[in-house]
Amino acid sequence: MPTKEKLVIIPTYNESENIAKMIEKVMSLDGLFNLLVVDDGSPDGTASIIKDFQTKFPERIFLLERNGKLGLGTAYITGFKWAIENNFEYVFEMDADFSHNPNDLLNLYNACKNGADVAIGSRYINGVNVVNWPIGRVLMSYFASKYVRIITGMNIMDTTAGFKCYKSNVLRAINFDKIRLVGYGFQIEMKFTVWKLGFKIVEVPIIFTDRKLGSSKMSGGIFNEALWGVIRMKLRSVFVPYQKLHNVNSTNSLN
């Protein structure tokens, strides 16, 4: 099977208010982006909307349906494995709620085409670029990223960002069975893993806009997982080299 180029992975749970507009936008972008939606059994009919669009774009829209809400991290891992099996070269992750502007997919793609192994859509690389969040949530997010930088040593301003592009060789290097965090901590662990394996990470400035429709999936449990999970992740890396946990020869790693 020939190598395909661009695949956007969007995990969904009750996103019927957003998914149609998101699909229309992604399908309209220059460069023929493909779309894979991983839906966790949304009771609001999200999957049915996606299936309707598949009749219009049968070769560009794909759907994986899972039974129940299994977590953000496992949704992306399911999508990453599918992308690898189907030979996509550039794999993107983004939210369905337009907090990530689909137009920025092109900027992430260009960053990877021009030398990055992973491009991060960063809210904090040029100040604080967040729209419609209450100040308390802005501060929590900003200082959460600072906390992660202090614990891990990563020189990444937006360590919790969920808008990214990976080159396929990066995903092929990762042993997904060793990724422990499944909520928003998953975003941190993926960056930490990529960084420890020596890949080049570039932050691309974006403006993040809070969702207008649907409800946020953030919870106290997800926050606590990330808080304590980062410490456990860092300690584990001290005792077990990441090259042994994953599939990269130590001669290819910078860390």
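For the reader, a short list of remarks on this structure follows.
- Among residues of the stretch 3-21, those that are outside any loop (DSSP other than H, G, I, E, B) and closer than 22 Å to Lys113 by Cβ, counted: 7
- Whenever a residue of the stretch 42-60 is modelled with pLDDT of 95 or more, its partners that are surrounded by fewer than 17 Cβ atoms within 10 Å (Cβ to Cβ) and of a type outside the set (A, V, I, L, M, F, W, C), lying with C-beta atoms within less than 6 angstrom and at least six residues away or across chains, give the pairs Ala47/Glu65.
- Listed conditions (1) modelled with pLDDT under 95; (2) within 18 Å of the chain's Cα centre (by Cα) are all met by Lys4, apart from (2).
- Cβ-Cβ distances below 7 Å connect the following pairs, each with a first residue in the stretch 195-208 that is closer than 7 Å to Asn129 by Cβ, a second residue that is at pLDDT 95 or above and of a type in the set (Phe, Trp, Tyr), and a separation of six or more residues or different chains: Ile206/Phe163.
- Residue in the stretch 160-179 that is part of a loop (DSSP other than H, G, I, E, B) and polar (S, T, N, Q) present: yes
- Residue match in the stretch 51-72 (condition: polar (S, T, N, Q) and touching a strand residue (DSSP E or B) at 6+ places or on another chain (Cβ under 7 Å)): yes
Quick grid of which residues meet (1) within 18 Å of His100 (Cα to Cα); (2) at pLDDT 80 or above; (3) surrounded by fewer than 22 Cβ atoms within 10 Å (Cβ to Cβ); (4) hydroxyl-bearing (Ser, Thr, Tyr):
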{"position": "Met157", "(1), (2), (3), (4)": "yes, yes, yes, no"}
{"position": "Ala161", "(1), (2), (3), (4)": "yes, yes, no, no"}
{"position": "Lys164", "(1), (2), (3), (4)": "yes, yes, no, no"}
{"position": "Ile207", "(1), (2), (3), (4)": "yes, yes, yes, no"}
{"position": "Lys217", "(1), (2), (3), (4)": "yes, no, yes, no"}
{"position": "Leu227", "(1), (2), (3), (4)": "no, no, yes, no"}
{"position": "Pro241", "(1), (2), (3), (4)": "no, no, yes, no"}
{"position": "Ser253", "(1), (2), (3), (4)": "no, no, yes, yes"}
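- The stretch 22-39, subset surrounded by fewer than 21 Cβ atoms within 10 Å (Cβ to Cβ) and part of a loop (DSSP other than H, G, I, E, B), residue modelled with the lowest pLDDT: Gly31
- Every listed requirement among (1) at pLDDT below 70; (2) at positive phi is met by Val248 save one, (2).
- Close pairs (9 angstrom Cβ cut-off, 6 or more residues apart or separate chains): touching a residue at least 12 places away in the same chain (Cβ under 8 Å) in the stretch 101-114, of a type in the set (Gly, Ala, Ser) and loosely packed, with under 14 Cβ neighbours inside 10 Å anywhere: Pro102/Ser28; Leu105/Gly31; Leu106/Gly31; Tyr109/Gly31
The values are calculated or read from the model by the stated rules, or taken from the named source; none is laboratory data. Note that this is a predicted model, so its numbers are computed, not measured. Cβ atoms come from the backbone with ideal geometry, glycine included; neighbour counts cover every protein chain shown.
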